[in-house]
1. Cβ under 13 Å from ALA160's Cβ, ALA160 left aside: what net charge do those residues give with Lys, Arg +1 and Asp, Glu -1?
2. Give me the percent relative contact order of the stretch 118-263, please, defined on Cα pairs under 8 angstrom at least 6 residues apart.
3. With r as the distance between the Cβ atoms of ALA63 and LEU40 and R0 = 22 Å, compute the FRET efficiency 1/(1 + (r/R0)^6) and round to 0.05.
4. Can you give the FRET efficiency for THR270 and ARG176, using 1/(1 + (r/R0)^6), R0 = 45 Å, r = Cβ-Cβ distance, to the nearest 0.05?
5. For the stretch 118-263, report the accessible area per residue in Å² (1.4 Å probe, heavy atoms, rounded to an integer).
6. So, in nm, how far is label THR146 from label ALA253 when the simple model puts each one 7 Å beyond its Cα toward the Cβ?
7. According to the square roots a ≥ b ≥ c of the eigenvalues of the Cα gyration tensor, what is the shape class of the stretch 118-263, taking rounded for a/c under 1.5, prolate for a/b larger than b/c otherwise, and oblate for the remainder?
8. Say each of PHE47 and GLN100 gets a label point 7 Å from the Cα, pointing the same way as Cα to Cβ; how far apart are those two points in nm?
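The values are calculated or read from the model by the stated rules, or taken from the named source; none is laboratory data. Source: prediction; values computed, not measured. When we count neighbours, we look across all protein chains shown, and the Cβ atoms used for this are built from the backbone with ideal geometry, even at glycine. These area figures cover heavy atoms from the full protein model, side chains too; ligands, DNA and RNA do not enter into them. Shrake-Rupley method; radii C 1.70, N 1.55, O 1.52, S 1.80 Å.
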Amino acid sequence: MTTSPYRGHEMSPRVEDAAALKKQLASARRFKIVALVIGLGYPVFYFLITYQARPESGNDWAAFITGAVCGTALFVSIPLAVGINKGRKAAERLYLNGTQLTIVGMPRKTETVLDLTRARAEVRLDWLVDSDLVNSKALTEAQRQTRIEMVHKALDKQIANGTAPCVYVPVLLLYRDDGHKFPILLADNKTRQIRAVGEIHMLERAMQFAADPAIQHAAGQLRTIARWQRLPAIYEARPDTIPATPTDHPATAPPPPTPVIRGEPAPETTVTGPPQP
């Protein structure tokens, strides 16, 4: 846990514990230190190498200075950007106090407070593979569709070879009044670990008494995910396919199976196959 002025239970928008957070912060610092070392050492190294060549004309010295500046900027920017990105993600935190969720660092350094009994909420199976690439704002719609087709073709080959990664992950989406959405991952697609059951139930209990039936349905879907033992490998599914578990569902009974179009057999899912024409 980190020291924070915010009250409530601290969580991450991703599936990580306090130890993972410390590792991420330490990794961010290491990348920034590497950038600093390169920024100080590379110009000295470059000067020594160039001095041995003994530039004679002003043009040679101009080329030397330009090379030193451009090289330093290039070699410093990469580890610095990685370190800043890691630090930014580590700074994204959630604080749940009753039904009030304070979201910090999403986006950037802003702070958002949502009442989970009133904020629009959805629990979806979201496609995370290459999501940053596919969802880039720099792409046109035609380019985006081309990227999606390329990723699908590569995924089909991996499925045929039995090497496909987890593609779909359950995500709680919370919406601000202006439509901005905040994704809270309920599982990790790399480790296939489900978010701590206690945290899922805290979110579910904060939402279950909402007047809006849609929020109550999302709370029921959270009860379903809380019963998952492990993230199943899902290759194709409808985003809204996760069923809701009723409040009176026996505690020892398995969750209602989630129908998916393609995926590995698992207790949490039922593979239905593509719809028949």
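1. Overall, the nearby charge balance is +2.
2. It comes to 26 percent, rounded to a whole number.
3. Numbers: r = 22 Å, r/R0 = 1.01.
Approximately 0.50, to the nearest 0.05.
4. Numbers: r = 34 Å, r/R0 = 0.76.
The formula returns an efficiency of 0.85 here.
5. It amounts to 53 Å² per residue over the stretch 118-263.
6. Computed distance between label sites THR146 and ALA253 equals 5.2 nm.
7. Oblate, because a/c is 1.5 or more while a/b does not exceed b/c.
8. Reported label-point gap for PHE47 and GLN100 is 5.5 nm.
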